[in-house]
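*Asks:* The structure under discussion is supplied below as C-alpha cells; questions concerning it will follow.
The values are calculated or read from the model by the stated rules, or taken from the named source; none is laboratory data. Just so it is clear, the model here is predicted, and its values are computed rather than measured. Every residue, glycine among them, receives a Cβ derived from its backbone with ideal geometry; neighbour counts consider all protein chains shown. Surface accessibility is based on the protein's heavy atoms, side chains included, excluding ligands, DNA and RNA. Shrake-Rupley method; radii C 1.70, N 1.55, O 1.52, S 1.80 Å.
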Amino acid sequence: MNRSKLILFSATFGGLIIALVMILYLFPNPSPKVDVNTPPSTADYYRFIELASPNFGDQQVALDHIQTTWQPGSEIMLLESLRRVKDEAIRESGYALLSQKTGQAIGEDQRAWFTWIWNQNLPTHPQYAAFKRDFYATIDPRFESYFHNVENAKIQLTEIVWGSVAQDGIPPLNRPGMISAKEAVELDDSNVVFGVVLGGEARCYPKRILAWHEMVKDRIAGVDVCGVY
C-alpha cells in the first residue's frame, strides 16, 4: 500500500471511529427501566397490592390468598387496599371478608372502618411498613421516600391515609411573605390563626389561607418547620 492510499485509509477509518463514537453518544444503549410501580417481592403483603390494582395480578386470587393467610394486623392493609378497588364484586367480597374477620358490621363505610381500627389495640402486621411503602409507591413513586426508616416513627403508620392526590397535588404554602400584625387589616378579630414562636421569631398563619393549601413550609429562626391543617 503506497503512502497516499495509507493516508486515505487512515482518514476513512478515523472518520468511521469518530462517527461510531458520535452514534454511541447521541444514541446510548438504554439502561433497563425500573418500574417503580411494581412491588418488589411476592411476600404476603404483595397480595394486598395485587388486590388494589388489576395491573399487578388477578384480584380474586389475591383476595383468596389474603383470606387463607390472614393474621392479626391484616385489617388495615385490607382496608387501605379496598380504597382503590374499582371492581364492585371484588370490593363487596373484600368488605365481607373484613367484616368476617373482625366481627364488625360496618359495610363499606371507609371512614367508619378507619375510626374503628384506630380505636382498637390491634397488633401490627410484621410486613405492614413494607406494605405501606410499596403500596403508596403505586399511587405516586415519590411517596416511597415517606416510609424510609419508619422503625423510629413517632406516629402510628395506620393514621397515614392517602388524601386522593399525588405529591404536591395541593400546592403547599411555601415560605410565605410576612407582614406585621398592624398591617393585617384584612383579618377580623374572629378569624382563627395558627401561631409559632421559635428563637424569638414569631409567625402567624391564618386558617382561611391554610384551608386552601393544607400545609405550610417555612423557616423560623433557622429551623425548618412544616405545619399541616
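*Asks:* May I ask you to list the GluC sites (Glu not before Pro) in region 140-229 that are in a DSSP loop and have at most 10 other Cβ atoms within 10 Å of their Cβ?
*Replies:* Sites meeting the loop and neighbour criteria: Glu186.
*Asks:* Applying a 10 Å radius around every beta-carbon, put 110-119, 47-56 in order of their mean neighbour count, most first.
*Replies:* Ranked by mean Cβ neighbours within 10 Å, highest first: 47-56, 110-119.
*Asks:* What accessible area per residue comes out for region 123-191, rounded to a whole number of Å², with a 1.4 Å probe?
*Replies:* Computed with neighbouring chains in place, this is 69 Å² per residue.
*Asks:* Within the set Lys132/Lys207; Lys86/Lys207; Lys154/Lys207, which residue pairs have Cα atoms separated by over 28 Å?
*Replies:* From the list (Lys132/Lys207; Lys86/Lys207; Lys154/Lys207), the Cα-Cα distance tops 28 Å for Lys132/Lys207; Lys86/Lys207.
*Asks:* On the accessible surface of region 74-161, probed at 1.4 Å, how many percent belong to carbon and sulfur atoms?
*Replies:* 44
*Asks:* Sticking with this structure for a sec: I'd like the trypsin sites (Lys or Arg not before Pro) in region 174-229 restricted to DSSP loop residues with at most 15 other Cβ atoms within 10 Å, sorted by number.
*Replies:* Listed in order of number, the matching sites amount to none.
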